[in-house]
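These notes are about the structure you will find just below.
Any read-out appearing in this document is the output of simple, stated calculations on the displayed coordinates, not a laboratory observation. Given the structure is predicted, the values throughout are model-derived calculations rather than measurements. Glycine gets a Cβ as well: all are built from the backbone with ideal geometry, and neighbour counts include every protein chain shown.
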Amino acid sequence: MDKPTIGLLGLTLDFYEQLAPQLCSERERFVREKLIPALAPAAEARFERAVCRREDVERMVAGFEKDGLDAILVVLLTYAPSLIAVRALKQTRLPVIIWNTQELYAVDESYDDDALLANHGVHGVQDLCNVLTRERVPFYCVSSHLEDSAPLGELPDLFQAARAVNRLRRMRIGQLGYGFPGMGDFGVDTSHLANSLGCTCQPLSISEFVHRAADAEPTQIKALVDEYRGVYEVTNGVTQEDMQAAARAEVALRGLIVDYRLDAFTYQFLAFGQDDRTETLPFVAASRLLAEGIGFGGEGDVISAAHSAVANMLLPPAGFSEVFTIDFAGNGLLLSHMGEANAAMAAQGRKIRLVRRPTPIVPIRGNQLAMVFSYQRGEATLSTLTLTAGQRWRIIAAAVRVEDFGPLEHLAVPHSKIHPSLDVRDFLNAYFQASGPHHLALGFGDARKRLAYLAKFLDADYVEI
């Protein structure tokens, strides 16, 4: 996972330049010698100098934006009045995190005027948080000390959420074809998508995909087929020609992603079948690209494509999935899709099977291959991003457990079974009432905190089941 880049905005009071000229340089030493090294495991922190005037704060924030940093970390190095910073923090699109910390750990009999001057940022934090709240500026505040057992508190999770927000706002999502006819739960106005989340949708044509597949270099095809044979269990019935067709589809899809600078993609499988030159569908390619961190959504769903990419940034690996069947007897849910799942999440200890689907799902010239595997068992997070009334965004998340189940012999698609923390009936009822759509992301580990922080930074609702 890439390390987030954070702009450290250290605030002081200009009055102290006359009252205590050495104070500012001492507080800068504290940042460089103690705070930045402590932050290093969680983020790359950029710090130039402490600032005490509004124009300097605004220049520094503009510099953070120009450098493409992921967030602003505000530290009150002494008391500083809120109005020197509030305008810059209100205007920026970078997530704002306030770290309420100081150099002094204990207040005891040795406490004196020097200690007071160097360790009284806390009332500046109160001032700033009050004004940011009045101005409806989303922010998070973390109080901790370097001598605490968890010296950074929630900062590492906040930094990862901020990084995801920053990437989301620059995200380009390719859409091959169109949204599945009649599916309303992932309908979106792409103007609203760009204006609210910042990501953009790039329409792509099936015709271009077909041409790219036909024009793929033989050396690329051979290299991919050799890789398929070496990495996967190629099952009976899969021919050399089948693998070459899957490889051409992968070369075509990768070319579109590179040339259009895509971070995520979605396709409508029906659209492939409407072009009689289509040789095969890129199910294998989609599963492999998900494993490389490229987002994916099924049926032309640009929202789930964006969310699967974000979920993979927050706590990889994560990928697209869908609830297909309820296991009432086992209190579980079967997850699957047409043939796409993150191959990096496959259960360890056995090769992924490369199979031919008994019948292609749309008319194509060749056969349809898919990768068959189940996810590694363990704790996981099921989540989704959706629109609710008034075009308001909502993130829904739940802790689940992936069962040691499958892959089943007679299912020619990736599939797994999960257990929610509630009775499956109560879980689904709560999910339906929260307006949960039918496309989701599943990721290993507990990403709920990071998803909640992501929602806060996006000014979105957060619902946990």
Review point. Can you give the convex hull volume per residue for the Cα atoms of segment 65-135, as a whole number of Å³?
Key: 100 Å³
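What number results when the radius of gyration of segment 299-388, computed over Cα atoms, is divided by 2.2 N^0.38 Å?
1.22
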Practice item. Take the Cα atoms of segment 404-451, find their three principal axes, and give me the spread along each one in whole Å, biggest first. Key: 35, 25, 20
Exercise for review: Please give the peptides 382-392, 446-456 ranked by average Cβ packing (other Cβ atoms within 10 Å per residue), highest first, as a rough proxy for protection.
Suggested key: 446-456, 382-392
Point to revise | Per-residue HN-Hα couplings for segment 143-148 [Karplus 6.51, -1.76, 1.60; θ = phi - 60°; Hz; x = Gly/Pro] | key: 9, 6, 10, 5, 8, 5
Review point. How many angstrom lie between the C-alpha centres of segment 95-137 and segment 355-406?
Key: 46 Å
Review point. If contacts are Cα pairs under 8 angstrom and at least 6 residues apart, what is the relative contact order of the chain in percent?
Key: 13 percent
Exercise for review: Could you work out the Rg to Rh ratio of segment 351-453, with Rh taken as the Kirkwood radius (inverse of the mean 1/r over all Cα pairs)?
Suggested key: 1.05
**Study point:** Span per principal axis, largest first, for the Cα atoms of segment 277-430 (Å)
**Key:** 43, 37, 26
Revision key, fill the gap. For Lys66, counting only lysines whose alpha-carbon sits under 26 Å away and dropping same-chain residues fewer than eight positions off, the answer is Lys3, Lys90, Lys456
Review point. Would you list Trp99, Trp393 from fewest to most Cβ contacts within 10 Å?
Key: Trp393, Trp99
Check your understanding: Whole-Å semi-axes of segment 19-78's equivalent ellipsoid, largest first, each the root of 5 times a Cα gyration tensor eigenvalue?
Key -> 20, 17, 7
Check your understanding: Which ³J(HN,Hα) values, rounded to whole Hz and listed in residue order, are derived for segment 349-354 from phi using the Karplus coefficients 6.51, -1.76 and 1.60 in 6.51 cos²θ - 1.76 cosθ + 1.60 with θ = phi - 60°, glycine and proline given as x?
Key -> x, 8, 6, 5, 8, 9
Exercise for review: When you have a sec, figure out the Kirkwood radius of segment 147-240 from all distinct Cα pair distances and drop it here in Å to one decimal?
Suggested key: 18.4 Å
Exercise for review: Return His192, His307 ranked ascending by Cβ neighbour count within 10 Å, so the fewest neighbours appear first.
Suggested key: His192, His307
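Percent relative contact order of segment 1-158, based on C-alpha pairs within less than 8 angstrom and at least six residues apart?
On the way: 250 pairs, mean separation 41.5, N = 158.
Result for segment 1-158 is 26 percent.
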Exercise for review: Report P(r) for segment 5-154: all Cα-Cα distances, bin width 5 Å, range 0 to the bin holding the largest distance, values in whole percent.
Suggested key: 2, 9, 20, 24, 22, 14, 6, 2, 0, 0
Exercise for review: List every DSSP H helix in the chain whose Cα atoms extend 15 Å or more along the helix's own long axis and whose mean Kyte-Doolittle hydropathy is at least 0.5.
Suggested key: 302-314
